[in-house]
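The values are calculated or read from the model by the stated rules, or taken from the named source; none is laboratory data. Please read all numbers here as calculations on a predicted model, not as lab measurements. Here the Cβ positions follow ideal geometry from the backbone for every residue, glycine too, while neighbour counts run over all protein chains shown. With ligands, DNA and RNA removed, areas are computed over all heavy atoms of the protein, side chains included. Shrake-Rupley method; radii C 1.70, N 1.55, O 1.52, S 1.80 Å.
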Amino acid sequence: MSSSNIAVQINAAGALANLAIHPYNKPKLVEGGALVIMKRMAYSESDKVQRQIARCLFALAAHTENRRCMVDTNCISALAYMLCIPKEEVQRNAAGALGNVAMSDEFKESVVQSGALRPLILLADSNSESVRRQAARAIFTLSAKEEVKKKIVEVNGLRSIISLTNSSSPDIQRDAAGALANMAIGSENKDLVIKNGGLKPLIHLLHSEQPPVQRQAARAIFALAGGEDNQRLIIQAEGLEPLVDLLQKGEEVQKHAAGALANISSNHPAEVVQLGAVPRLIDLVMHSSNIEVRRQATRALVNLGPEEDNMLSVGRYVGVNGEKQRLRHEMRALYEKTCVTALKCNDSENVAAPTFHDMVLCCTDQEGFEFFIPTHQAVLAARSPFFNELLRYQRGSDSIVRHIVSPLKYQSMVWETALEFIYTDSIRCTATRIKETVFAPMELQRLAHDLQLPRLFCFAQELEAKLSFRTGEKGSRQFDKFQRMSCWSRNMEAALAEGHQQTNPAVSDISIYPMVAGNSYDSENEKENYETQPRPKRPKHSDTAYEKTIDGIKLEQRSCSVSVNKAILAARSSYFRSRFSLPWADSKKKFFEFNGSHRCMVIVLRYIYCASDKVLIMRLKQDPSLALETLFVANEYNLEGLASQCESILIQSTNQESALTVLQEADRTHAPFLKLYCIHFVLKEGLARTKANEMSEDLAKDIEILGRKWNVI
């Protein structure tokens, strides 16, 4: 590079540029002092040398750690200089290098101070598409910083950015729309984007077939729709329809489209509703796995719904996978409040766990130190065949809490990890401590083998392999994927089946039986007749079968009741948590009367034990009347996830014949999304006029209010 021969300089710079392409070489070249040479050669009189220098700096700037060195050595000034070289490849690579440097937020201001902003704006009007692409990318990256936005406006850069949206290149369209979205965030520049003609090109980009372009265009419209005047302009420019269509695209697009509709619906709800946004927004709330999508969709529905008593809210968990996550979180809370509290106490035998427990596990480590862990029989018996047999073998006393002596001798930390797995099906909290102890993974493997927990055994193997790799030893990394699969649902389903069959009463502390025999209510009159009839008194606690008469139907307690565990019910429902806590009378009872039919009770217990799964969803879909009854019961017992599942299923099954009936039932319980959907359906199909005499006065008033708000009456 020190040669005075131009050909040598070109080849040497080209060689460095080729080397800089490989990720391994990027930091090595900088450490070797290449940047100082690059900066000097950037001012060469040969544009061929400058082309290779710009190409090398473009590649080096892709490495995050190199960017600070480029700023410190003032290479960005050399890049700003090369932007003005009238050669396409030099301009393209220099703009690309500056775009890479600007990706680090701390260097955006440095790029602007180097004098690069104005040349980049000018390059936005270049005849070369590749130059415009890199210039658009650099401007998009720079415009994310508030201080840079003001300078873009000062150099009249908005018009150039807007002109980029007319490009046929999806990459340029994406970056130009993204830059306009950045500029529109904040109250100062919204009107400037509109005044400079940025709205129509953005709405045109909403029709693009490229998801990245759709995302940035929707994001820009979302930002622009923050002002009431702009909302009216968006409607006049026919921007609502593509926004509603984008609700069916990917999550990133849905999030911004729903946000834009939420802003617009605050002042123009009728226009949004008339384009069919309500069913799509409700579908996003009920089924999207992205919480930001659900939040924006809920915000839109809040603006579209009744102004008073709006009960719409965003749920944290959605769908089958979300409900499994909810189950793990709630069982983790039970584990932490019961087991972890005792393990952290020195005098574990006398510790008072903040949650009620029905078993104390008496353990001894290899050194003979005893420690006592409050636990729950039902959870341990369901999850571990070892504990299931141990509880059957060691008969408990007449006391409420059984003391079970474990013949296995392991240290308390290993027991803590095993219990975390038993309760939560993971070892997220204790894995770090296990990895930090040399022999703990091997000990955990042995305990997992003794407890017959194959998934935990695989986890312990993985921890041992990571520890061996860290210490330089050879460790096996071959694991059985089938053993590693979660068996929580299978374990809890088997435990629930034993409760139905009364085959393992040792681990159950309460029997739950249905108030109503047979199927769910066939009509409202049938339910009213049942509720007005006097109920016979339930016998005192007894193991003998007894009979109970309801509506002339005789039920045997043994044939209809299910043996369950209070701890699991309490962990999953705040209702049961209150009912089974002192000083309430139900805390000591052995029987609980379930307010619903036997079929509904089976659904609710399956949800509590196993969360939502395909079997539960299938049963509810096959019988909408069961889903409706389960909705009422889920709300009564504070089972938010199950209630949401029922709402979703009823929405899918609603038609002209059932819409009014479902609406009337939804009005009697907490089902805000179902009610809003049914009101929209009734108004859309004209049922509000034809069947007005079948509605209650309050419901008719709600429909009328929304009808006027949506301009459909």
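Evaluated at q = 0.12, 0.17 Å⁻¹, a Debye calculation over the C-alpha positions of region 228-286 (equal weights, vacuum) places log10 I(q)/I(0) at -0.24, -0.48.
The residues of region 251-321 present an accessible area of 41 Å² per residue when probed at 1.4 Å with all protein chains retained.
Solvent-accessible area per residue in region 555-712 equals 42 Å², computed with a 1.4 angstrom probe and all protein chains kept. Which residues among region 223-245 fall inside the zone where the amide N is under 14 Å from a point 7 Å beyond the Cα of residue 274, along Cα→Cβ? Backbone N within reach: 235-241.
In angstrom, the C-alpha Rg and Dmax of region 113-182 are 10.6, 32. A simple spin-label model places pseudo-atoms 7 Å from Cα toward Cβ; at residue 46 and residue 245 they are separated by 5.4 nm.
Keeping all protein chains in place, calculate the accessible area per residue for region 60-170 (probe 1.4 angstrom), answer in Å².
Value for region 60-170: 40 Å² per residue.
Applying the criteria of a DSSP loop state and at most 13 other Cβ atoms within 10 Å to the GluC sites (Glu not before Pro) of region 131-214 yields 209.
Packing here is the average count of other Cβ atoms within 10 Å per residue, and on that basis the peptides 22-29, 237-244, 675-682, 49-56, highest first, run 49-56, 675-682, 237-244, 22-29.
Put a dot 7 Å past the Cα of residue 362, heading toward its Cβ, do the same for residue 656, and the two dots end up 7.3 nm apart. Checked against a 19 Å cut-off, the cross-linked pairs 200/249; 48/87; 675/709; 28/108; 337/566 give Cα-Cα distances beyond that limit for 200/249; 28/108. The order of the peptides 217-225, 436-444, 629-637, 657-665 by mean Cβ neighbours within 10 Å, most packed first, is 217-225, 629-637, 657-665, 436-444. Computing FRET efficiency as 1/(1 + (r/R0)^6) for residue 712 and residue 590, where r is the C-beta to C-beta distance and R0 is 51 Å, gives about 0.40.
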